[in-house]
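Accompanying notes for the structure given below.
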Amino acid sequence: MFQFDGQDRRRQEDQMRAEGRLPPGQALTQKFPVLHYGPVPAFNPATWDFRVWGEVEEEKRWDWNEFNQLPRTKIEMDIHCVTRWSKFNTVWEGVSVKALIENGFFKIKSTATHVMQHAEYGFTVNLPLEVVLQDTFLLATHLNGEALTPEHGYPLRGVVGFMAGREDLETPYFWKGAKWVRALEFMSQDKRGFWEQAGYHNRGDVWREERFG
């Protein structure tokens, strides 16, 4: 992890640019800005659950205790917000959708092509199936060794970013991971989520600066 002060932010930004890790139009931040639509929801572990449904062989549902027994994954990624800040070498821990499928926790149908993340208050975010199955997509509970704060999506959020050395993987902007996520709907065709319906780009590739549609 980088430790920043105000004087070396530009030096670190120049380093990330030289390494090909700073996308066009982005600037390095030392902070983690809080951006979301609507209030922060309350969390009750006694009633919380997570659901997988749609183009799957069998719908699955886990309560909070069961979800925390699922296989854990830790990944280090750079994250890039559509509002033009980038944060590097963030370490996320949580549950990999790819690992759940590979380990037989649920099966998707051959007709599945896209995934909708359903979050609290009816908020939605869509992604192509191939991005959800990348090593860079995670259902995260922890950031940098600590549980997520409520403002950043506690108890569970989708995260997607850039992994150094994996330039073959698609990197969407950070809004493509939903805070306070409660379900994944596997779909046979694409549907736009909340921000996509409001004018954000449907794919949101950071290297192509796909900010708005």
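The values are calculated or read from the model by the stated rules, or taken from the named source; none is laboratory data. It should be emphasised that the depicted structure is a prediction, and the values quoted were computed from it without experimental measurement. Glycine also receives a Cβ, built like all others from the backbone with ideal geometry; neighbour counts cover every protein chain displayed.
Mind checking which residues of the stretch 134-166 are acidic (Asp, Glu) and either in contact (Cβ under 8 Å) with a residue 24 or more places away in the chain or touching a strand residue (DSSP E or B) at 6+ places or on another chain (Cβ under 6 Å) (or both)?
Step one: filter the stretch 134-166 for residues acidic (Asp, Glu), giving 135, 146, 151.
Correct list: Asp135, Glu151.
Taking each residue of the stretch 181-196 that is in contact (Cβ under 8 Å) with a residue 60 or more places away in the chain and farther than 22 Å from Glu151 by Cα and looking for partners that are of a type in the set (D, E, K, R) and assigned to a loop (DSSP other than H, G, I, E, B) with beta-carbon atoms closer than 6 Å, six or more apart or interchain, yields Phe186/Glu55; Ser188/Glu55. Within the stretch 188-213, the residues that satisfy the criterion of being charged (D, E, K, R) and farther than 17 Å from Val160 by Cα are Asp190, Lys191, Arg192.
Of everything in the stretch 73-115 that is under 13 Å from Asn144 (Cβ atoms) and of a type in the set (S, T, N, Q), the residue that is surrounded by the fewest Cβ atoms within 10 Å (Cβ to Cβ) is Asn89.
Of everything in the stretch 189-202, what is closer than 12 Å to Val82 by Cα and within 15 Å of the chain's Cα centre (by Cα)? Give them in sequence order.
First pass over the stretch 189-202, keeping only residues closer than 12 Å to Val82 by Cα: 195, 200-201.
Matches in the stretch 189-202: Trp195 only.
Checking each residue in the stretch 159-213 for being among the charged types (D, E, K, R), within 21 Å of Gly94 (Cβ to Cβ) and modelled with pLDDT of 95 or more picks out Glu170, Lys176, Lys179, Arg182, Glu185.
Give me the pairs: first residue in the stretch 11-28 and more than 17 Å from Met163 (Cβ to Cβ) and without any contact (Cβ under 8 Å) to a residue 60 or more places away in the chain, second residue assigned to a helix (DSSP H, G or I) and among the charged types (D, E, K, R), beta-carbon distance under 7 Å, and six or more apart or on different chains, which are they? Final answer for the pair search is Ala27/Glu13. Quick check: is even one residue across the stretch 58-72 crowded, with 18+ Cβ neighbours inside 10 Å, within 21 Å of Pro150 (Cα to Cα) and out of contact with any Cys (no Cβ under 7 Å at 6 or more places or on another chain)? Yes; the residues of the stretch 58-72 include at least one that is crowded, with 18+ Cβ neighbours inside 10 Å, within 21 Å of Pro150 (Cα to Cα) and out of contact with any Cys (no Cβ under 7 Å at 6 or more places or on another chain). Go through (1) surrounded by 14 or more Cβ atoms within 10 Å (Cβ to Cβ); (2) under 24 Å from Phe194 (Cβ atoms) and name the single condition Arg21 misses. Checking Arg21 against (1) surrounded by 14 or more Cβ atoms within 10 Å (Cβ to Cβ); (2) under 24 Å from Phe194 (Cβ atoms), the one that fails is (2).
Looking at the stretch 133-200, none of the strands (runs of 3 or more DSSP E) lying wholly inside it contains 2 or more residues that are among the basic types (Lys, Arg) and surrounded by fewer than 16 Cβ atoms within 10 Å (Cβ to Cβ). Taking first residues from the stretch 106-127 that are touching a residue at least 12 places away in the same chain (Cβ under 8 Å) and under 10 Å from Glu185 (Cα atoms) and partners that are of a type in the set (Asp, Glu) and buried (at least 20 other Cβ atoms within 10 Å of the Cβ), the Cβ contacts under 8 Å between residues at least 6 apart in sequence or on separate chains come to Asn126/Glu196. Can you name every residue in the stretch 65-87 that is farther than 23 Å from Tyr200 by Cα and either in contact with a helix residue (DSSP H, G or I) (Cβ under 6 Å, 6 or more places away or on another chain) or of a type in the set (Ser, Thr, Tyr) (or both)? Selection gives Pro71, Thr73.
Which number in (1) surrounded by fewer than 19 Cβ atoms within 10 Å (Cβ to Cβ); (2) in a loop (DSSP other than H, G, I, E, B) marks the one condition that Glu130 misses? Unmet condition: (2).
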